[in-house]
Amino acid sequence: MWGSGILKGMAITMRNMFRGPITVMYPEQKLTLPERARWAVAPRYDEEGAPKCTACLICVNECPDHVLNLEVSRTAEGGKHIDRYVYELGACMMCGLCVEACPFDAIEMSHEYELATRDPHDLVRVLLRDVDAASARRAKGGDDA
Amino acid sequence: MSMALGILARFGAMLVLLLVNGVMLIYMLRKVLGHLHLRIGPNRVGPFGLLQTTNDVIKLLTKEDLRPASADAWLFNIAPFLIFVPSFMAYIPLVFGPTLAVTSLDTGLLLAFALTSLVPLGVLMAGWASNSKWSLIGGMRAAGQQIAYEVPLLLSALGPVMMAGSMDPVKIVAAQSGVWLGFIPRWFVLPQLLAFVVYAISSQAETQQTPFDMSEAESELITGFANEYGGMRFGFMYLAEFSNTFVVSAIGTMLFFGGWQLPWVATPAWLAPFVFIAKTYTGIFVMMWARGSLPRFRVDQMLSFCWKVLIPVSLAWVVVWACVQRLWPVVAMAVSR
Amino acid sequence: MTDEPRITTPITAEGTTFPGPLPCGLRCIPRGVDELATEHLVLNMGPQHPSTHGVLHILVELDGEEVIAAEASLGYLHRGIEKLAESRRYHQVPTLLDRADYLSGLHSETAWALTVEKLAGIEVPRKASWLRALLMELNRYASHLVWLGTFGMDAGAMAPFLYIMRDREMLLDVIEAITGSRMMFNYVRPGGVAADLPAGVDAKIRAWLDVADTYLDENDALLGGNEIFRLRMKGTGVIDRATALAFGMTGGCLRASGVDYDLRRDVPYCAYPELDFEVPLGVRGDNMDRYDVRVGEMRQCIRLIRQLIDGMPEGEFSGRRSRVLKVPAGECYAAVESPRGELGIHLVSDGGFTPYRMRLRSPAYFNLAVVDEALAGGLIADAIVTLGSLDIVLGEIDR
């Protein structure tokens, strides 16, 4: 009969009316992200709370859009000192190439996705400011003493 | 003096009904469509989102009133009123209770249909005056569609008119009291099922709801004839659309479903308006259900469906029922002999 | 120039002629005036329009409601992807290609990986090929879901658009668990893929497989089984076999016109030689055929994903760990069957760390070229629906 498809379609929508919504009431309810979800880049710290970054500049070279920038100076002992580790959050496409490239596990793609802001200054973050860079040899698990 | 006051009171009641109705229907549409589509609809503004439409109305009232410079100023300004005022006046013949009606007219039904047939004029005017090609196409489609579907709407209403013997809605509703065979309520929908189906389809087309919403086909013409309208001008047309829906569904309730009467029991006068509104809103719910589920017809398919299917069917039904109604007493007498 | 054999298509377009000179510049002049002294309207559909699937600008010449001529004006989404690729290293280019065809990024990434591997002679472990095929099929289903929903919206049905989101959320959850992102994956690299399947994803995929058929049946009943929909789609937007071949259409649009050509079966790559699937074919090349072919493809996707997850081999997920890749000089072309058609990458390398030239053969570009032939003679409503049935993504048309 002409019209049986129409009626069947309407029956489907009516049945779905009683199935309940598939939506999530954000921000009261939030979904958990999978472990590999890539959002804002964040620095990682070791057990003593010092940053693991050794200022090797591999991430700065890897980033396709030149979003990361490290300003490095020398300490009195001859090691590296990170003046500023600048991260342009507004330009980052969260591809994760920097994290993949880092040999010292010093940065991670965090799960921070609530990044919308009204202040454009929030779009440029300084991840590390005025800290000594970790020693590359120690980070790689080289000689202890 | 009291007559003037009476008229004013009725006018005020109609206006209040129209506005409250508009607000409720817009909210109902959004909620119904939301739940049909596995989501919730408005639920943030006020409890269960009930204040959402009020917020929308305030928003529309405070918007800038734009008019395209090359639009025809007079027609552009008048068109929303030509759409709104007839739908407002169409509340006159509605019967809400045994004594609750704005007035009792012998040709009340005719008045309602005559008023709703003024709306396509306003739509065409809006489409033309906007001086935009997309609006023009929307207006032309509406002119074709709404005017065409007036005919089966009217013809399908003739069946119940013949059964009741009058065009006065009070008398039509009164003729549906009582029962047949002891248990079937004497609602006209049962003997007039075909007319009811034609009426339902035509009313969906008259109020420009999917599957007949070619004149405001969102995916093609954005808002069709109302493209260039913003702020409260658009609000008027939007409100008129929902008001039309209520009127058309209310007339269908009066014609086919016994109006304000409950089946099998006598309806107390205080309950009658609520029964009437409940029945009307059920009808509107079915229209919204179809709106949220079905794709739309193409313009030429829709018009050929009207002219080649609905009109012949409804004409044939009028003829058949007239014969049946005339000959039924003769046949009954012949059988009883 | 290497004498590396290029992938050639086994189809010969015999008896086809190119349908006239290419329109260059815009034809905005009304072409004819009837005896009744009426005028043809020239309308802009887009670039802002609820239905042109991106920033597509189509000029239509109308006689009342009938379309006399149509012309696509492109470039609103041009971002210079091919030029940007010339300054990206080989493992950074997938980040660009994700954004070309944003609905099926994994296919673009795989095409890139195949091209680079072909030119550089890199071996890909079996597991990596299977992982690529699994993700491509998941991506294909997700892309077809978006097409289904937006096609329904073009026809006026609002319900399927929300119902596909149900399916798509489950799929995107799976893809996010594997690749780390819901849309810009950056997962397929030359040499393999970025990571193995994490724990728990198998269960998620099987949970989706349990409901996929039911959900697809629901959507198909709402659209394909609906008489109003069939009235609109049958016989409209007809693209016959010769026209389709002349314009270089590929994918579902070509198969709907009756040409049996699917790269997964005819020029196989990744895990497809070991998989068992059918290729749905149309007859008339109208909108209903394109709809049926794509829904058939979706059903075959479910079948393929089931085979892939059941038969996933063990092994390495990448053949090379070094990020430094220097591709020997030469040029190469490789293509995959994306949801829109043959998505190919033509790579020219000068032996350095970045490509010398990368050209993306975008299937939707060729599918869209037929718009003048397909839209002329129909009504505006048919025009919208035909555009929707071509399944275009402006990101890859404009690049």
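Looking only at region C:307-322, which residues are within 14 Å of chain A (Cβ to nearest Cβ) and either among the polar types (S, T, N, Q) or within 19 Å of C:Met358 (Cβ to Cβ) (or both)?
Taking region C:307-322 first, the residues within 14 Å of chain A (Cβ to nearest Cβ) are C:317-318, C:320-322.
Correct list: C:Ser318, C:Ser322.
What about C:Ser349, is it within 21 Å of C:Ala133 (Cα to Cα) and among the hydroxyl-bearing types (Ser, Thr, Tyr)? Steps first, answer last, please.
Values: within 21 Å of C:Ala133 (Cα to Cα): no; among the hydroxyl-bearing types (Ser, Thr, Tyr): yes.
It is false that C:Ser349 is within 21 Å of C:Ala133 (Cα to Cα) and among the hydroxyl-bearing types (Ser, Thr, Tyr).
Yes or no: C:Leu304 touching a residue at least 40 places away in the same chain (Cβ under 8 Å), within 14 Å of chain B (Cβ to nearest Cβ) and touching an Asp or Glu at 6+ places or on another chain (Cβ under 7 Å)? Can you show your working first?
On the way: touching a residue at least 40 places away in the same chain (Cβ under 8 Å): yes; within 14 Å of chain B (Cβ to nearest Cβ): no; touching an Asp or Glu at 6+ places or on another chain (Cβ under 7 Å): yes.
No; evaluated as a whole, the condition is false for this residue.
Test C:Met165 against the stated conditions and say whether it is at pLDDT 90 or above, touching a Cys at 6+ places or on another chain (Cβ under 9 Å) and of a type outside the set (S, T, N, Q).
On the way: at pLDDT 90 or above: yes; touching a Cys at 6+ places or on another chain (Cβ under 9 Å): no; of a type outside the set (S, T, N, Q): yes.
It is false that C:Met165 is at pLDDT 90 or above, touching a Cys at 6+ places or on another chain (Cβ under 9 Å) and of a type outside the set (S, T, N, Q).
This table checks each residue for (1) closer than 18 Å to A:Cys102 by Cβ; (2) more than 10 Å from every other protein chain (Cβ to nearest Cβ); (3) surrounded by 16 or more Cβ atoms within 10 Å (Cβ to Cβ); (4) under 19 Å from the mean Cα position of the chain (by Cα).
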site: A:Arg15; (1), (2), (3), (4): no, no, no, no
site: A:Arg19; (1), (2), (3), (4): no, no, no, no
site: A:Pro27; (1), (2), (3), (4): no, yes, no, no
site: A:Pro34; (1), (2), (3), (4): no, no, yes, yes
site: A:Val41; (1), (2), (3), (4): yes, yes, yes, yes
site: A:Tyr45; (1), (2), (3), (4): yes, yes, no, yes
site: A:Cys53; (1), (2), (3), (4): yes, yes, yes, yes
site: A:Cys63; (1), (2), (3), (4): yes, no, yes, yes
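Looking only at region A:82-131, how many residues end up being farther than 27 Å from C:Arg323 by Cα and in contact with a Ser or Thr (Cβ under 6 Å, 6 or more places away or on another chain)?
Number of matching residues: 1.
Considering only region A:48-145, give the helices (runs of 4 or more DSSP H) lying wholly within it that have at least 2 residues that are closer than 24 Å to A:Arg36 by Cβ. It would help to see each step written out before you state the result.
Values: elements: A:58-62, A:97-101, A:136-139.
Helices (runs of 4 or more DSSP H) meeting the threshold: A:58-62, A:97-101.
From the residues in region A:75-131 that are more than 14 Å from chain C (Cβ to nearest Cβ) and of a type in the set (S, T, N, Q), which one is farthest from A:Arg44 (Cα to Cα)?
Our first condition is that a residue be more than 14 Å from chain C (Cβ to nearest Cβ); within region A:75-131, this holds for A:75-90, A:104-107, A:112, A:114-131.
Subsequent filtering for residues that are of a type in the set (S, T, N, Q) retains A:75, A:117.
Details: A:Thr75: 22, A:Thr117: 24 Å.
So, considering only residues that are more than 14 Å from chain C (Cβ to nearest Cβ) and of a type in the set (S, T, N, Q), the one farthest from A:Arg44 (Cα to Cα) is A:Thr117.
Having 1 or more residues that are of a type in the set (Ser, Thr, Tyr) and within 14 Å of chain C (Cβ to nearest Cβ) is the bar; report the helices (runs of 4 or more DSSP H) wholly within region B:106-225 that clear it. Working first, answer last.
Numbers: elements: B:108-116, B:119-129, B:133-164, B:169-174, B:193-206, B:218-221.
Because the criterion is at least 1 residues that are of a type in the set (Ser, Thr, Tyr) and within 14 Å of chain C (Cβ to nearest Cβ), the helices (runs of 4 or more DSSP H) in region B:106-225 that meet it are B:133-164, B:218-221.
Please give the number of the condition C:Pro190 fails out of (1) under 27 Å from C:Glu316 (Cα atoms); (2) surrounded by fewer than 24 Cβ atoms within 10 Å (Cβ to Cβ); (3) in contact with a His (Cβ under 8 Å, 6 or more places away or on another chain).
The failed condition is (2).
A:Leu7 - would you say it is within 11 Å of chain C (Cβ to nearest Cβ) and over 20 Å from the mean Cα position of the chain (by Cα)? Before you say what the answer is, go through the steps one by one.
Working: within 11 Å of chain C (Cβ to nearest Cβ): yes; over 20 Å from the mean Cα position of the chain (by Cα): yes.
Judged against the criteria, A:Leu7 is a match.
Could you tell me whether C:Phe185 is over 20 Å from C:Gly388 (Cα atoms) and crowded, with 24+ Cβ neighbours inside 10 Å?
On the way: over 20 Å from C:Gly388 (Cα atoms): yes; crowded, with 24+ Cβ neighbours inside 10 Å: yes.
So C:Phe185 passes the test.
Residue by residue, here is whether (1) at pLDDT below 90; (2) buried (at least 17 other Cβ atoms within 10 Å of the Cβ); (3) under 22 Å from B:Val320 (Cβ atoms) holds:
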{"residue": "B:Ser156", "(1), (2), (3)": "no, yes, yes"}
{"residue": "B:Trp180", "(1), (2), (3)": "yes, no, yes"}
{"residue": "B:Pro185", "(1), (2), (3)": "yes, yes, no"}
{"residue": "B:Gln192", "(1), (2), (3)": "yes, yes, yes"}
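Of the conditions (1) within 23 Å of B:Thr245 (Cβ to Cβ); (2) of a type in the set (Asp, Glu); (3) part of a loop (DSSP other than H, G, I, E, B), B:Asp56 fails just one. Which one is it?
Failed condition: (3).
Among the residues of region B:73-107, what is the count of those that are at pLDDT below 85, crowded, with 16+ Cβ neighbours inside 10 Å and either under 14 Å from B:Ala226 (Cα atoms) or small (Gly, Ala, Ser) (or both)?
Count: 2.
Answer yes or no: is there a residue in region C:192-201 that is away from chain B (no Cβ under 14 Å) and either over 28 Å from C:Ser322 (Cβ atoms) or in a helix (DSSP H, G or I) (or both). Reasoning before the result, please.
So in region C:192-201, the residues away from chain B (no Cβ under 14 Å) come out as C:192-201.
Next, from what is left, pick out any that are either over 28 Å from C:Ser322 (Cβ atoms) or in a helix (DSSP H, G or I) (or both): C:200-201.
Among the residues of region C:192-201, at least one is away from chain B (no Cβ under 14 Å) and either over 28 Å from C:Ser322 (Cβ atoms) or in a helix (DSSP H, G or I) (or both), which makes the answer yes.
Which condition number does C:Gly156 fail, the rest of (1) more than 14 Å from chain B (Cβ to nearest Cβ); (2) crowded, with 22+ Cβ neighbours inside 10 Å; (3) under 26 Å from C:Thr236 (Cβ atoms); (4) out of contact with any strand residue (DSSP E or B) (no Cβ under 9 Å at 6 or more places or on another chain) being met?
Condition not satisfied by C:Gly156: (1).
Could you list, in sequence order, the residues of region C:203-252 that are part of a loop (DSSP other than H, G, I, E, B), among the hydrophobic types (A, V, I, L, M, F, W, C), in contact with a Phe, Trp or Tyr (Cβ under 7 Å, 6 or more places away or on another chain) and away from every other protein chain (no Cβ under 14 Å)? So that I can check it myself, show each step before the final result.
Taking region C:203-252 first, the residues part of a loop (DSSP other than H, G, I, E, B) are C:223-226, C:234-240, C:247-251.
Narrowing the set further to residues that are among the hydrophobic types (A, V, I, L, M, F, W, C) leaves C:223, C:238-239, C:247, C:249.
If we keep only those that are in contact with a Phe, Trp or Tyr (Cβ under 7 Å, 6 or more places away or on another chain) too, we end up with C:223, C:247, C:249.
Across region C:203-252, the qualifying residues are C:Phe247, C:Met249.
Do we find that B:Gly292 is under 30 Å from B:Leu75 (Cβ atoms), touching a residue at least 24 places away in the same chain (Cβ under 8 Å) and in contact with a Leu (Cβ under 9 Å, 6 or more places away or on another chain) in this structure? Working first, answer last.
Details: under 30 Å from B:Leu75 (Cβ atoms): no; touching a residue at least 24 places away in the same chain (Cβ under 8 Å): yes; in contact with a Leu (Cβ under 9 Å, 6 or more places away or on another chain): yes.
No, not satisfied.
The values are calculated or read from the model by the stated rules, or taken from the named source; none is laboratory data. Not measured: the values here are computed from a predicted model. Heads up, the Cβs are rebuilt from the backbone with ideal geometry, glycines too, and the neighbour counts pull from every protein chain shown.
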